[in-house]
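Peer 1: Before anything else, here's the structure in question.
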Amino acid sequence: MAGSFLKGRFLSLFDYKTEKYIVAKNKKVGVLYRLIQLSIIGYIIGWVFLSKKGYQETDEAIQSSVITKVKGVSVTNTSESGLVVWGPEDYVIPPQGEAVLFIVTSFLETPTQKLGYCAENAKVLNGHCQDDEDCEKGKMIVAGNGIMSGRCLGKNKNSTGTCEIYAWCPIERNFKPQGPLLSNAENFTMYIKNFIHFPKFSFSKSNVLETNDYSYLKKCRYDEQLHPYCPIFRLGDITRRAGYNFQDMATFGGSIGIVIQWDCDLDKGYSYCHPQYHFTRLDISISEKTIATGFNFRQTQYFRNAAGERYRSLFKVYGVRFNIMVHGKAGKFNIIPTAINVGSGLALMGAGAFFCDMVLLYLMKKGDSYRERKFEETKSKKSSAEDNNVEERNDPMEQENLTF
């Protein structure tokens with residue numbers, strides 16, 4: 001008995017079970033179901049496959065190298081330095097040609113500083129004093145310029161003095177630039193050479209036009225339509241594309257982000273992988289009401305006189321900082337993501353049928369009638385046999401057959 005039961009259970013594994021379909025003659029639900037189907041098909045074809053290219057395997061681990069070079073000459077004439085010619089080796093910091101570089105457009109010079117004793121700057125709050133006791137000897141002020149000597153200078157009964165310090169004297173002069181000194185810096189050109197590589201597809205490319213004409217880079221300028229593979233940009237054009245005037249930024253400086261975006265559809269071929277450039281200003285908020293705009297820092301130049309005494313010139317330089325960032329992805333047809341997205345679409349079709357079933361069962365007036373046909377109740381063998389006996393006893397035709 002047990003053996004036949006196990007055998008029956010084993011053989012039932014090879015039975016094929018199919019679903020039962022009921023045709024509901026309801027035009028409203030039928031239209032709703034077709035609309036859901038069309039929406040799902042439109043989503044799969046239009047969004048997943050055409051827009052997002054769901055049939056492709058993608059690689060976003062882009063490997064990139066950026067090399068920059070700036071060209072241009074400017075002249076300044078100040079009372080501190082006199083007539084000076086500025087070349088790229090002077091105004092580009094650092095000069096090695098990296099992805100982040102700073103171009104000097106203006107500066108404030110404090111020349112011929114020498115180590116010695118002088119008064120602290122009056123704008124240093126912790127450097128104010130009424131008497132010598134306020135200037136602790138050997139104390140250093142974090143925001144100050146040197147070490148206190150213990151003397152209070154410029155004091156009297158009715159005013160506040162400043163502490164004497166040992167520092168590079170004279171102290172840096174505090175005033176703001178009146179305008180850009182390197183006024184023609186907007187005509188400087190920046191050469192941005194970018195190499196990219198997608199390791200998953202062993203694909204490499206550059207943003208420089210592949211040509212044998214060696215004079216091409218000497219005469220071309222970047223243009224989205226005419227010269228998309230000319231990597232030479234005029235600085236004034238970069239800031240203009242970011243939405244700002246170069247001369248307005250040159251006085252107090254600023255920061256510009258240059259994004260090189262590579263979106264490569266490798267199914268179309270090598271020639272369809274193009275760089276796209278995006279420019280934005282980074283040192284300013286949306287409201288533009290901030291004290292943090294601009295960009296500046298200090299640097300020094302040291303020298304010795306004929307007597308061997310050490311001096312330095314302090315420069316507070318203003319300029320535009322350029323940050324070059326590279327992003328991108330590459331895609332190529334692969335059967336695995338295609339099958340996954342097709343399977344997801346078929347599953348959504350089933351969800352549409354489930355939704356229409358819920359409408360028929362719970363939102364339509366004749367939901368009970370549909371429920372009776374969709375769901376069948378099964379009974380045990382004993383109950384089924386008893387029901388059959390009752391039916392046979394109550395059926396006159398069957399009784400007649402039995403009496404025969």
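Peer 1: For the subset of the range 321-346 comprising residues that are within 30 Å of G254 (Cβ to Cβ) and of a type in the set (A, V, I, L, M), which member is least open to solvent (accessible area, probe 1.4 Å)?
Peer 2: Ranking the candidates gives I324 first.
Peer 1: For the range 1-102, give me every one of the strands (runs of 3 or more DSSP E) that falls completely inside it and has 3 or more residues that are in contact with a Leu (Cβ under 7 Å, 6 or more places away or on another chain).
Peer 2: On the way: elements: 56-59, 63-71, 74-78, 82-86.
Hits in the range 1-102: 74-78.
Peer 1: Do we find that I196 is in contact with a Gly (Cβ under 8 Å, 6 or more places away or on another chain) and of a type in the set (A, V, I, L, M, F, W, C) in this structure?
Peer 2: Values: in contact with a Gly (Cβ under 8 Å, 6 or more places away or on another chain): yes; of a type in the set (A, V, I, L, M, F, W, C): yes.
Yes: the conditions hold for I196.
Peer 1: Looking at D283, D248, D267, D237, which one is farther than 18 Å from P94 by Cα, touching a residue at least 60 places away in the same chain (Cβ under 8 Å) and charged (D, E, K, R)?
Peer 2: Values: D283 fails: touching a residue at least 60 places away in the same chain (Cβ under 8 Å); D248 fails: touching a residue at least 60 places away in the same chain (Cβ under 8 Å); D237 fails: touching a residue at least 60 places away in the same chain (Cβ under 8 Å).
It is D267.
Peer 1: Still on this model: Among (1) open to solvent by 70 Å² or more (accessible area, probe 1.4 Å); (2) not assigned by the TED database to the domain that holds N341, which single condition is K28 missing?
Peer 2: Failing condition for K28: (2).
Peer 1: In addition: Only one residue in T290, T300 is open to solvent by 20 Å² or more (accessible area, probe 1.4 Å) and at pLDDT 90 or above. Which one? Give the steps one after another, and end with the answer.
Peer 2: Numbers: T290 fails: at pLDDT 90 or above.
After ruling out the rest, the residue left standing is T300.
Matching residues to (1) open to solvent by 40 Å² or more (accessible area, probe 1.4 Å); (2) at pLDDT 95 or above; (3) touching a Cys at 6+ places or on another chain (Cβ under 8 Å):
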{"site": "P170", "(1), (2), (3)": "yes, no, yes"}
{"site": "R173", "(1), (2), (3)": "yes, no, no"}
{"site": "K176", "(1), (2), (3)": "yes, no, no"}
{"site": "S183", "(1), (2), (3)": "yes, no, no"}
{"site": "H197", "(1), (2), (3)": "yes, yes, no"}
{"site": "T211", "(1), (2), (3)": "yes, no, no"}
{"site": "S215", "(1), (2), (3)": "yes, no, no"}
{"site": "R221", "(1), (2), (3)": "yes, no, yes"}
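Peer 1: Can you find even one residue in the range 258-272 that is polar (S, T, N, Q) and either modelled with pLDDT under 95 or part of a loop (DSSP other than H, G, I, E, B) (or both)?
Peer 2: Step one: of the range 258-272, the residues polar (S, T, N, Q) are 261, 271.
From the residues that got through so far, the ones that are either modelled with pLDDT under 95 or part of a loop (DSSP other than H, G, I, E, B) (or both) too are 271.
So far as the range 258-272 goes, yes, one or more of its residues are polar (S, T, N, Q) and either modelled with pLDDT under 95 or part of a loop (DSSP other than H, G, I, E, B) (or both).
Peer 1: Is at least one residue of the range 116-131 free of Cβ contacts under 8 Å to residues at least 24 places away in the same chain, out of contact with any Pro (no Cβ under 9 Å at 6 or more places or on another chain) and over 20 Å from R173 (Cα atoms)?
Peer 2: Scanning the range 116-131 turns up no residue that is free of Cβ contacts under 8 Å to residues at least 24 places away in the same chain, out of contact with any Pro (no Cβ under 9 Å at 6 or more places or on another chain) and over 20 Å from R173 (Cα atoms).
Peer 1: Give the number of residues within the range 154-168 that are open to solvent by less than 70 Å² (accessible area, probe 1.4 Å), out of contact with any His (no Cβ under 7 Å at 6 or more places or on another chain), of a type outside the set (D, E) and at pLDDT 90 or above. Let's see the steps before the verdict.
Peer 2: Pass one, the range 154-168, residues open to solvent by less than 70 Å² (accessible area, probe 1.4 Å): 154, 159, 161-165, 167-168.
Those still in the list that are out of contact with any His (no Cβ under 7 Å at 6 or more places or on another chain) too: 154, 159, 161, 163-165, 167-168.
Remaining after also requiring of a type outside the set (D, E): 154, 159, 161, 163, 165, 167-168.
Next, only the ones that are at pLDDT 90 or above stay: 163, 165, 167-168.
Residues flagged as open to solvent by less than 70 Å² (accessible area, probe 1.4 Å), out of contact with any His (no Cβ under 7 Å at 6 or more places or on another chain), of a type outside the set (D, E) and at pLDDT 90 or above within the range 154-168 amount to 4.
Peer 1: State all residues of the range 80-131 that are of a type in the set (A, V, I, L, M, F, W, C), farther than 20 Å from Y318 by Cβ and loosely packed, with under 15 Cβ neighbours inside 10 Å; if no residue qualifies, say none. Break it down stepwise before answering.
Peer 2: If we filter the range 80-131 for residues that are of a type in the set (A, V, I, L, M, F, W, C), which is where we start, we get 83-86, 92-93, 99-104, 107-108, 115, 118-119, 122, 124-125, 129.
Now restrict to residues that are farther than 20 Å from Y318 by Cβ: 83, 99, 115, 118-119, 122, 124-125, 129.
Scanning the range 80-131 gives L83, L115, A122, L125.
Peer 1: While we're looking at this one, here's another question. Looking only at the range 60-79, filter to residues that are touching a strand residue (DSSP E or B) at 6+ places or on another chain (Cβ under 6 Å) and free of Cβ contacts under 8 Å to residues at least 60 places away in the same chain; which one of those is least open to solvent (accessible area, probe 1.4 Å)? Reasoning before the result, please.
Peer 2: Our first condition is that a residue be touching a strand residue (DSSP E or B) at 6+ places or on another chain (Cβ under 6 Å); within the range 60-79, this holds for 60, 62-71, 74-77.
Now narrow it down to the ones that are free of Cβ contacts under 8 Å to residues at least 60 places away in the same chain: 75, 77.
Numbers: V75: 80, N77: 118 Å².
For the range 60-79, the residue satisfying everything is V75.
The values are calculated or read from the model by the stated rules, or taken from the named source; none is laboratory data. Note that the coordinates shown come from a computational prediction; the quantities given were computed from them, not determined experimentally. So basically every Cβ, Gly included, is an ideal-geometry build from the backbone, and we count neighbours across all protein chains shown. Calculation scope for accessible area: heavy atoms of the full protein, side chains included, ligands and nucleic acids excluded. Shrake-Rupley method; radii C 1.70, N 1.55, O 1.52, S 1.80 Å.
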